[in-house]
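Let me begin by presenting the structure, written as structure tokens, before commenting on it.
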Amino acid sequence: MSALVSDVGTRTAVAAANLVKVYGKGDTAVRALDGVSVAFTAGRFTAIMGPSGSGKSTLMHCLAGLDNVDGGNVHVGGTEITSLADKELTKLRRDRVGFVFQAFNLLPTLTAEANILLGLELAGRKPDREWFDTIVDVLGLRDRLKHKPTELSGGQQQRVACARALVARPDVVFADEPTGNLDSRSGAEVLDFLRMSVRKLGQTVIMVTHDPVAASYADRVVLLADGHLAGEIDNPTADSVLSALKHLGA
Amino acid sequence: MLRTIIAGLKARTARLVLSSVAIALGVAFVTGTLVLGDGMSESLRDEFAKGARNVDASVTLDRSSSSSSSDSSDGPTGISPEMLAKIRQTPGVAGADPRDFQQVPLLASNGKAKPAMAVPLASNEKLREFDVVDGRYPTAADEIAVDKRTATTAKLTIGQPVVLLGKDDKRLTFTLVGTYQQGTNSVSLSGGDHIGLTPEAFQALQPDQLPYEVVATAAPGVTQQQLVDNIRNAVGAGFQVQTGEEVTRQTMAQVSSQAGEFTTVLLAFALIALVVAAMVIYNTFTILVAQRTRELALMRCVGASRGQVFRGVLAEALVMGLTASVIGLFGGIGVSALLQRVIFSFDGGEGVVRLPVSGTTVLAAFAVGTLVTVLAAVLPARKATRVAPVAALRSQPDSGEEVARTGVLRVLTAVLFGVIGVGAIVFGMGIDDEETAMVVSGAGTMALLAMVLVLGPLLVGPVNRVLGALPRALFGVPAKLASANAGRNPKRTAATTAALMIGVTIVALVTVVANSAKETANAEIDQRMPADYTVSSVVYDRPLPKELAAQLAAVPEVAKVAPTTVVYGERAYFTGIPRDAIGDLFRPTVTSGSLADLGDGTVAVNAEYAKRQNVSVGSTVEVAPQEGTPQRLKVVAVVEGQRLSDGIMTLETSLRFPQAVEGYDSILVKLKDGVANGRAAVEKVTDPSPLAVLDSAAETKEQLNQQLNQVLAFIWALIGLAVVIALFGIANTLTLSVLERTRESALLRALGLTRGQLRLMLVVESVLMAMMGAALGLLLGVGFGWVITQALSTDTMAVDLVVPFGQIGVMLAGAVAAAVLAAALPARRAARTSVVAGMAEA
């Protein structure tokens, strides 16, 4: 594990330069991202925040290669992704990116274990059993592996999603409002785990959230407003984030 | 409420269109059938109208009075020329002509005869039944007119000679002076040739034959009734004289019932198509209601009552049913036009496409389309009323949650069907009469089919596991996901595949039974035809000349010939065959008695005939031919075998009957061992004879197989529509499922499923569903086929089960191909949805 931690704070995991994303055309065109340049250091936990409509989800989608961009470029682990074709993007997501979404993270037809291993199976990779066991035990999912998602609580489902995101050892994990649908206790568990995965396992996590408390778990907060970068907070607390947001007029 | 319904219909147009197609196809089948039936009877009626035009009185023999007073063979067989002359001289008669027909061999360009229907052309212009197309009507006895199609197929042009075979195969040469157009009737539909001669020439062909009818047209100012009264006075007793109107009425009734039989068969297939369509509709509405749980709950939240929700769903079904009915109605008219064109093209002639749309047809289209749709939507609509208002607040539930709670009721119903089915099959197999046995056992198999349909949701799991194994091994993760998807909602999958299963079951059943019958018949032919060739006559009532047998016997390559004769008694016919050929060229199986005893004045009867007439070895049977004296023959043996006549006698015994003296029915030929080109040697003798054709066992089989294949192709085509509808059902379910799973697909794409893999997943899912229906259907069809062949088997004749693996392979391959096609659109749609848009879907 020490090897993983070694380049913390030195290597850039994900970077965007002059990112532009426009929805619609002509008069109704909306510039969701208007020249955003931002870099995310490997081995750190970053929260992207901003009021509704600030473009934070769009930024995440573009960074993760889920959506195409209208200008600028994005690097994920050294690869320029805006010029990639769908097939290569898919391969990139499958091999180097992990996701935790707000809801509907799991396939209802598969067991928790099959869901965790789904990404690896799609990539045709053999799971590292030791690593799998570590994650499962840390997340307390051992006795839930044979259950279908409908038999799991919301918090358990989100933890399964976290396990899936981490099991492939991706370059970066994107979490899109991962606690949005959870009660505060389950939410705290998930956030604790995300922070732990960064601190102890050397993972890189980028989380989109509108909850200042959730953001306070991160090492750094990137603030977005109207498609522009609007500031940064290092080592944030709930209060410092809240006041920064107020400042943005949210 | 109405506004909500309309808005809902607008929003879901795409989803409803596919289901509408299914129901429209069913309606099109029904209306197409009805229009075709009406068109056919209309054209028959028109044809008759041509025959009946200007007929004011018709004179026929009064059968009812003559049969009681004297034996039918002694009485007059038709209307004599003297009587015709008398009618012509009756006051008020402007013209009278005989109506008659006979089969005459027409010599084709290759020198071989083919049977043609000959009619006398009326001398009175007003009484002519046909319209001249080219040239003119024959006026001299050596002139002839042929129907237009005959002219085309036989390549005859006006001015050319046409050769007919008269009595004793005398060649009679006529000059073609004109062609005429027949309407659609049984002769033109059968593709037979049709020729017209002057009454004198017609009479000369068969001087003994008397016309069955004389028609007369009235002089101006004479009513039909006056004319009939006058003629009745003139001809006296023993004749039936009717007005033209009466005759028309009678014939109309006959014509309608004839066309009715044909349409009944088609309607049976239309019914199957509709049942399948109803299942598709039911499934669609079930899925739509499940998907709209939140929307329906929201409506309940804002104050809609259960009744309003129920009526809302039904109203949607009503609109859809009405739309589909309209499309189906017009589609059906198109189908009918197409079918008529196909029939005409088979005929080689051109006919007029008739598309009468009666009120009944329109009513049937709407009743069937709308009623079926609304009924199919009742259960889903009821389910919609059970949605609690609070459901609006919950997140959209996965449809997999409302999966088969496998009610006790379901299992009990299935057991009930199973018991009825097995009972009927066992009982049916015990029945001696094949037809009844088949009907009873057939009903039993349908009960078993119902059992499987009811059990469907329980079967999906295990069947899916078995069928999914291969794709899982071949395609990995996408196939694994597909298999999981196919099994996630067993009720939905069962309902989707059931439609296909019904179609495939019936196709497989029919195919297995037809092939089994074919093989059985083929085996029988092999056993029955040890001769290398059979020479027979192309025209059934023209026997082969006797010298042909001697000529054939003289051919050096020929080892043995055996001429056979045929003797017709009342409701029975017997074969005469030389004594020394029995057991050699002719080998029936003997069940009792001995063929060694078959000598002069004795007969060996077929087992079936023996049973029917209740005779056994030692009894005496009386064979009463139409002409000549009845003969009493002693039964010395009972034999069996398919396609055998009612009995066999020696050639010498058969010569006691005048009809057997005229010539031979067939000549069996056996070649010497090791002869290379025996066929050519035999043909050298048969070729000059216009009537003789050469058949080998192989050719007979080929002919039989061809006929059976044609019937099979017809049934495949008819059931094909049900299968097409079922495939629409699969496409429909898949489309709806894809919409329902938009977020899931997006998630998979985000996690690294490529577009191609997503498409593959949906294709595999579609193929799995199709295979579930097809595999179960095939299993059932073959099983049911076995039941039917067992039911058809009697003590005297065993029908062996033959499973046509080739055809079944074709069916399976077809199902797979169609399933891939059915998945094409949904898969395209799913793959094109962007990940972000998919995730955003509520």
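Quickly run through segment B:297-309 and pick out the residues that are surrounded by 18 or more Cβ atoms within 10 Å (Cβ to Cβ) and modelled with pLDDT of 75 or more. Spell out the reasoning first.
Step one: filter segment B:297-309 for residues surrounded by 18 or more Cβ atoms within 10 Å (Cβ to Cβ), giving B:297, B:299-300, B:304, B:309.
Selection gives B:Val309 alone.
Of the residues in segment B:606-637, how many are in contact with a Leu (Cβ under 8 Å, 6 or more places away or on another chain) and crowded, with 17+ Cβ neighbours inside 10 Å?
5
Over 18 Å from the mean Cα position of the chain (by Cα), closer than 30 Å to A:Val30 by Cα and of a type in the set (Ser, Thr, Tyr): is that true of A:Ser184 in this structure? Show your work before the answer.
Details: over 18 Å from the mean Cα position of the chain (by Cα): yes; closer than 30 Å to A:Val30 by Cα: no; of a type in the set (Ser, Thr, Tyr): yes.
So A:Ser184 fails the test.
So, of the residues in segment B:748-781 that are at the interface with another protein chain (Cβ under 7 Å from one of its Cβ atoms) and surrounded by fewer than 23 Cβ atoms within 10 Å (Cβ to Cβ), which turns out to be farthest from the chain's Cα centre (by Cα)?
B:Thr754
Out of the residues in segment B:578-603 meeting the condition of being under 36 Å from the mean Cα position of the chain (by Cα) and hydrophobic (A, V, I, L, M, F, W, C), tell me which one is surrounded by the fewest Cβ atoms within 10 Å (Cβ to Cβ).
To start, the set of residues in segment B:578-603 that are under 36 Å from the mean Cα position of the chain (by Cα) comprises B:585-591.
Cutting the leftovers down to hydrophobic (A, V, I, L, M, F, W, C) gives us B:585-586, B:590.
On the way: B:Leu585: 22, B:Phe586: 21, B:Val590: 16.
Per the stated criteria, the residue is B:Val590.
Check whether at least one residue in segment A:132-143 is more than 10 Å from every other protein chain (Cβ to nearest Cβ) and closer than 20 Å to B:Lys480 by Cβ, and report yes or no.
Restricting attention to segment A:132-143, the residues satisfying the condition of being more than 10 Å from every other protein chain (Cβ to nearest Cβ) are A:132-143.
Narrowing further to those that are closer than 20 Å to B:Lys480 by Cβ: A:132.
Checked segment A:132-143: at least one residue is more than 10 Å from every other protein chain (Cβ to nearest Cβ) and closer than 20 Å to B:Lys480 by Cβ.
Would you be able to tell me the number of residues in segment B:217-241 that are in a strand (DSSP E or B) and surrounded by fewer than 19 Cβ atoms within 10 Å (Cβ to Cβ)? Write out each step before concluding.
So in segment B:217-241, the residues in a strand (DSSP E or B) come out as B:217-218, B:239-241.
Now narrow it down to the ones that are surrounded by fewer than 19 Cβ atoms within 10 Å (Cβ to Cβ): B:240.
Going through segment B:217-241 one residue at a time, the tally reaches 1.
Give the number of residues within segment B:93-128 that are in a loop (DSSP other than H, G, I, E, B) and surrounded by fewer than 21 Cβ atoms within 10 Å (Cβ to Cβ). Lay out the reasoning, then the answer.
At the first step, the residues of segment B:93-128 found to be in a loop (DSSP other than H, G, I, E, B) are B:100-101, B:108-112, B:121-124, B:128.
From what's left, surrounded by fewer than 21 Cβ atoms within 10 Å (Cβ to Cβ): B:100-101, B:108-112, B:123-124, B:128.
So the answer is 10.
Only residues that are among the acidic types (Asp, Glu) and in contact (Cβ under 8 Å) with a residue 40 or more places away in the chain: list them for segment A:148-195, please. Spell out how you get there, then give the answer.
Here is the first cut: in segment A:148-195, the ones among the acidic types (Asp, Glu) are A:151, A:171, A:176-177, A:183, A:189, A:192.
If the condition is that a residue be among the acidic types (Asp, Glu) and in contact (Cβ under 8 Å) with a residue 40 or more places away in the chain, then A:Asp171, A:Asp176, A:Glu177 are the ones that fit.
For A:Val30, only one of the following conditions fails: (1) facing another protein chain (nearest Cβ under 10 Å); (2) of a type in the set (Val, Ile, Thr); (3) free of Cβ contacts under 8 Å to residues at least 12 places away in the same chain. What is its number?
(1) is the only condition that A:Val30 fails.
Any chance segment A:117-127 includes a residue that's surrounded by fewer than 17 Cβ atoms within 10 Å (Cβ to Cβ) and more than 14 Å from chain B (Cβ to nearest Cβ)?
No, segment A:117-127 contains no residue that is surrounded by fewer than 17 Cβ atoms within 10 Å (Cβ to Cβ) and more than 14 Å from chain B (Cβ to nearest Cβ).
To keep it simple, each residue is scored yes or no on (1) in a strand (DSSP E or B); (2) under 15 Å from the mean Cα position of the chain (by Cα); (3) more than 9 Å from chain B (Cβ to nearest Cβ); (4) buried (at least 18 other Cβ atoms within 10 Å of the Cβ).
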{"position": "A:Ala17", "(1), (2), (3), (4)": "yes, no, yes, no"}
{"position": "A:Gly35", "(1), (2), (3), (4)": "yes, no, yes, no"}
{"position": "A:Leu66", "(1), (2), (3), (4)": "no, yes, no, yes"}
{"position": "A:Phe99", "(1), (2), (3), (4)": "yes, yes, no, yes"}
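B:Gly814 fails exactly one of the following numbered conditions: (1) modelled with pLDDT of 80 or more; (2) in contact with a Gly (Cβ under 6 Å, 6 or more places away or on another chain). What is the number of that condition?
(2)
Going residue by residue through segment B:427-442, is there one that turns out to be within 14 Å of chain A (Cβ to nearest Cβ) and either assigned to a helix (DSSP H, G or I) or modelled with pLDDT of 80 or more (or both)? Reasoning before the result, please.
At the first step, the residues of segment B:427-442 found to be within 14 Å of chain A (Cβ to nearest Cβ) are none.
No.
Considering every residue within segment B:788-807, establish whether at least one is of a type in the set (Val, Ile, Thr), within 21 Å of the chain's Cα centre (by Cα), under 30 Å from B:Ala514 (Cβ atoms) and more than 14 Å from chain A (Cβ to nearest Cβ). Lay out the reasoning, then the answer.
Residues of segment B:788-807 of a type in the set (Val, Ile, Thr): B:788-789, B:794, B:796, B:799, B:802-803.
Cutting the leftovers down to within 21 Å of the chain's Cα centre (by Cα) gives us B:788-789.
Now narrow it down to the ones that are under 30 Å from B:Ala514 (Cβ atoms): B:788-789.
Add one more test, that the residue is more than 14 Å from chain A (Cβ to nearest Cβ), and what stays is B:788-789.
Yes; the residues of segment B:788-807 include at least one that is of a type in the set (Val, Ile, Thr), within 21 Å of the chain's Cα centre (by Cα), under 30 Å from B:Ala514 (Cβ atoms) and more than 14 Å from chain A (Cβ to nearest Cβ).
Return a yes/no flag: does segment A:76-85 have any residue that is crowded, with 21+ Cβ neighbours inside 10 Å, of a type in the set (A, V, I, L, M, F, W, C), within 16 Å of the chain's Cα centre (by Cα) and at the interface with another protein chain (Cβ under 8 Å from one of its Cβ atoms).
So the first thing to find is which residues in segment A:76-85 are crowded, with 21+ Cβ neighbours inside 10 Å, and the list is A:76, A:81.
Remaining after also requiring of a type in the set (A, V, I, L, M, F, W, C): A:76, A:81.
The next check asks that each one be within 16 Å of the chain's Cα centre (by Cα); those that pass are A:76.
Going one step further and asking which of them are at the interface with another protein chain (Cβ under 8 Å from one of its Cβ atoms), we end up with none.
The answer is no; no qualifying residue exists.
Quick one: A:Cys62 ticks every box in (1) assigned to a strand (DSSP E or B); (2) surrounded by 22 or more Cβ atoms within 10 Å (Cβ to Cβ); (3) more than 7 Å from every other protein chain (Cβ to nearest Cβ) bar one, so which box is it?
Failed condition: (1).
List the helices (runs of 4 or more DSSP H) inside segment B:464-554, counting only whole elements, that have at least 1 residues being within 14 Å of another protein chain (Cβ to nearest Cβ). Walk me through how you get there before you give the answer.
Working: elements: B:477-488, B:490-528, B:547-553.
Counting at least 1 such residues, we get B:477-488, B:490-528.
What do you reckon, is B:Leu751 in contact (Cβ under 8 Å) with a residue 60 or more places away in the chain and hydrophobic (A, V, I, L, M, F, W, C)?
Working: in contact (Cβ under 8 Å) with a residue 60 or more places away in the chain: no; hydrophobic (A, V, I, L, M, F, W, C): yes.
Spelling it out, it is not the case that B:Leu751 is in contact (Cβ under 8 Å) with a residue 60 or more places away in the chain and hydrophobic (A, V, I, L, M, F, W, C).
The values are calculated or read from the model by the stated rules, or taken from the named source; none is laboratory data. Everything numeric here is computed off the predicted structure, so don't read it as measured data. Ideal geometry is used to build each Cβ from the backbone, glycine not excepted, and the neighbour counts take in all protein chains shown.
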